[in-house]
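Here the structure comes first, spelled out in structure tokens, and everything after it is commentary.
The values are calculated or read from the model by the stated rules, or taken from the named source; none is laboratory data. Only a predicted model underlies this, so the values are computations on that prediction, with no experimental measurement involved. Because the Cβ atoms are built from the backbone with ideal geometry, glycine has one as well, and the counts that use them run over all protein chains shown.
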Amino acid sequence: MLNADIALALTWSDPSCDVTTARQRAIALLGSQDLFCVSSGKRLTERSLDIDHCFP
């Protein structure tokens, strides 16, 4: 495999990152339970909620 092929394989094919569905689901869950940041362990609020991606 050529370096150009490797670079092409590593290129993100979908530059847009729509986290609307994940954010809406998290906000709905906040109405009935506590959610915590997976990195810091701090309790999340709708105001502090920051979703980077939908899938790990």
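Quick rundown of the values:
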| read-out | value |
| --- | --- |
| Pair list, Cβ under 9 Å, 6 or more apart: segment 1-27 residue surrounded by fewer than 10 Cβ atoms within 10 Å (Cβ to Cβ), other residue polar (S, T, N, Q) and at pLDDT 75 or above | none |
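Each row is one residue, and each column tells you yes or no for (1) at pLDDT 85 or above; (2) among the hydrophobic types (A, V, I, L, M, F, W, C); (3) on the phi > 0 side of the Ramachandran plot; (4) not in a helix (DSSP H, G or I).
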| residue | (1), (2), (3), (4) |
| --- | --- |
| ALA7 | no, yes, no, no |
| THR11 | no, no, no, yes |
| SER16 | no, no, no, yes |
| GLN24 | yes, no, no, no |
| GLN33 | yes, no, no, yes |
| ARG47 | yes, no, no, yes |
| CYS54 | no, yes, no, yes |
